[in-house]
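The structure appears right after this line, and notes come after that.
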Amino acid sequence: MAITSLPLNTFKRGLESGQPQIGLWSILSSHVTVEILAGAGFDWLVLDTEHAPNELPMVYSQLQACVGGTAHPVVRVPWNDMVTIKRYLDIGVQSFLIPCVDTAEAAANAVSYTRYPPRGVRGFSAAPRANRFGRVKDYPQLCEDELAVLVQIETRQGLNNIEEIAAVDGVTGLFIGPGDLSAALGHAGNPKHPEVLEAIEDAIRRILACGKPVGILTPDETLAKHYLELGCTYVAVGSDQGLLARGSEQLAARFKNLG
């Protein structure tokens, strides 16, 4: 029997219920590693196309690799671009992480790219993977409920406009990008600088005051737990690239030091 219903966006439901969502960043751009990670027990997995050598056909395979795992795929697009987002929607992406959203207008644009007219500007395709190749007949009316639009706050301007961005209808949550934010504040490569940490905590408080879920990425376990305690709902606690690089270095060092 054909499947005629949409996949439930468990990640979005978790955010709406306030249940902490623990995630991992995927940079290696491989459906093999994604399949391994998707079943590791995480709640969400970022398939990065901004700072990774990842392209749409590869992400298509990575979405397939996520099927059956615990981790809901969240695609970080390379930019807040209508055509790019349309193409990822068609291959079945339900959750988006949009980089460098500095204003309410940019946030509203991001949302509009995921909505069909008259609520947005998404182009229509009759039978993409998103509607199970035409098997979900009322997809245009149902899909919005399963879409999550997460916008990244990673500049001074973005910090200044948090309340306006959070007020945009259709923005599911705000995500703080420590790397770019540290650069924007004059401390590139040092996301643990006191000024950066202070700005992050202030942003968390303000986003929560707006009633929106707040997310962040940090491989520092102590910081990750601290941000969860502050009220962050979705926290990415590392990356596949970091796990491979540091783990392989540590293994090599243990044997190199035997002599």
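Where in region 22-85 are there GluC sites (Glu not before Pro) that are in a DSSP coil and have at most 15 other Cβ atoms within 10 angstrom of their Cβ?
Filter output for region 22-85: Glu55.
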**OP:** Take the alpha carbon atoms of region 27-62, find their center, do the same for region 196-259, and report the distance between the two centers in whole angstrom.
**Re:** 18 Å
Original post:
With each label point set 7 Å from Cα along the Cα-Cβ vector, what nm distance links Cys210 and Ser5?
Top reply: 3.4 nm
Subject >> Pairwise label distance in nanometres, Asn160 with Leu230, each label 7 Å out on the Cα-Cβ vector >> reply: 2.2 nm
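Could you give the length gained by full extension between Ala252 and Asp169, i.e. 0.36 nm per residue of separation minus their alpha carbon distance, to one decimal place?
24.8 nm is the gain from fully extending Ala252 to Asp169.
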**OP:** Could you check the simple spin-label distance between Arg135 and Arg119, using points 7 Å along Cα→Cβ, in nm with one decimal?
**Re:** 2.5 nm
Original post:
Where does the chain land at 222 nm, in deg cm²/dmol rounded to the nearest 500, when only DSSP H runs of n ≥ 4 count, each adding -39500 (n - 2.57), divided by all residues?
Top reply: -12000 deg cm²/dmol
Subject >> Subset of Lys86/Lys212; Lys86/Lys192; Lys86/Lys137 violating a 30 Å alpha-carbon distance limit >> reply: Lys86/Lys192
**OP:** Using only the Cα atoms of region 128-259, build the gyration tensor, take square roots of its eigenvalues as a ≥ b ≥ c, and label the shape rounded, prolate or oblate: rounded if a/c is under 1.5, else prolate if a/b is larger than b/c, else oblate.
**Re:** oblate
**OP:** Counting only C-alpha contacts under 8 Å and six or more residues apart, can you give the relative contact order of region 10-256 as a whole percent?
**Re:** 19 percent
**OP:** Could you compute the FRET efficiency for Ala245 and Arg13, with r as their C-beta to C-beta distance and R0 at 30 Å, rounded to 0.05?
**Re:** 0.35
Original post:
Any idea what the alpha-carbon Rg over 2.2 N^0.38 Å comes to for the chain?
Top reply: 1.02
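Rule-based calculations on the coordinates, nothing more; no lab input. In this text, all values refer to a predicted model and were calculated from it rather than measured experimentally. Note that each Cβ is placed from the backbone with ideal geometry, even for glycine, and that neighbours are counted across all protein chains shown.
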